[in-house]
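The values are calculated or read from the model by the stated rules, or taken from the named source; none is laboratory data. Since the structure is predicted, the reported quantities are computational estimates derived from the model, not experimental observations. Cβ atoms come from the backbone with ideal geometry, glycine included; neighbour counts cover every protein chain shown.
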Amino acid sequence: MKIPLYKWENVREPFSLIHFCMQFFPAPLVSAFYISHFCMKKTLSSYFIFAIAASVPFAWFIVHNFWFLNVWLGGVMLKSICKLLIGSGALALAVPGLLLLPSKVRLLADVGLIGHAALVGQLESRLHNYSNNYFVGFEEDVVYPSYMVILTTAIGLLLVHRLLAENRIHSLTSCVLTCLYSAKLSVLFLSTQHVLWETTVLLFAVCPPFLLYK
């Protein structure tokens, strides 16, 4: 007796889940082992192996579930949002290890922090302005709420202040990060496409006198 096609489709999902477990289940185990090894031995190689192993299932989950969807968010395809998520997630895992590098090559950590702040700002600008651009008058249909923009901005500024106080980053890097995180608040008041970067440039123009005075 031939099994109908729809029954085969019903059992494909468990097989794909088993395939995922067999293919990517070692990655969380490897990341857990090397982060514990890093906590005990403080070796940078252990941390970066943890960061790579932790990035694999994170990237797979986003690609497998959202990459193929033909959906537009904030004027761009959902695939572009997925790229921003993967990039910001990978940088978020890598930056703590970069901050532990010797002072001669710690510039990589500054670049990573700036890149992460820029990616988060772009991501939040796209997601928060989605309802304003496409569903005017439906304030309840918000993809990314305002309090999340305020929360991430406050956390970012707090971390920048703490890193500067502990001499983990340069004062110029602190100025750039402060401008990037503060500029995110502009998306709460204006819904134009480039308001984030216009506000960032404006803050860059205002900050140098304060930096030189300090």
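Tyr144 is checked against (1) over 19 Å from Leu202 (Cα atoms); (2) surrounded by fewer than 17 Cβ atoms within 10 Å (Cβ to Cβ); (3) touching a helix residue (DSSP H, G or I) at 6+ places or on another chain (Cβ under 7 Å) and fails just one. What number does that condition carry?
If we test Tyr144 against (1) over 19 Å from Leu202 (Cα atoms); (2) surrounded by fewer than 17 Cβ atoms within 10 Å (Cβ to Cβ); (3) touching a helix residue (DSSP H, G or I) at 6+ places or on another chain (Cβ under 7 Å), just (2) comes out false.
Among residues belonging to segment 150-175 that are small (Gly, Ala, Ser) and surrounded by 13 or more Cβ atoms within 10 Å (Cβ to Cβ), point out the one that is modelled with the highest pLDDT.
By that ranking, first place goes to Gly156.
When only residues in segment 99-109 that are part of a helix (DSSP H, G or I) and more than 16 Å from the chain's Cα centre (by Cα) count, which is farthest from Thr43 (Cα to Cα)?
Applying the filter and picking the extreme gives Leu107.
Look through segment 93-106, keep the residues that are crowded, with 18+ Cβ neighbours inside 10 Å and of a type in the set (Gly, Ala, Ser), and return whichever of them is farthest from Trp67 (Cα to Cα).
This residue is Gly97.
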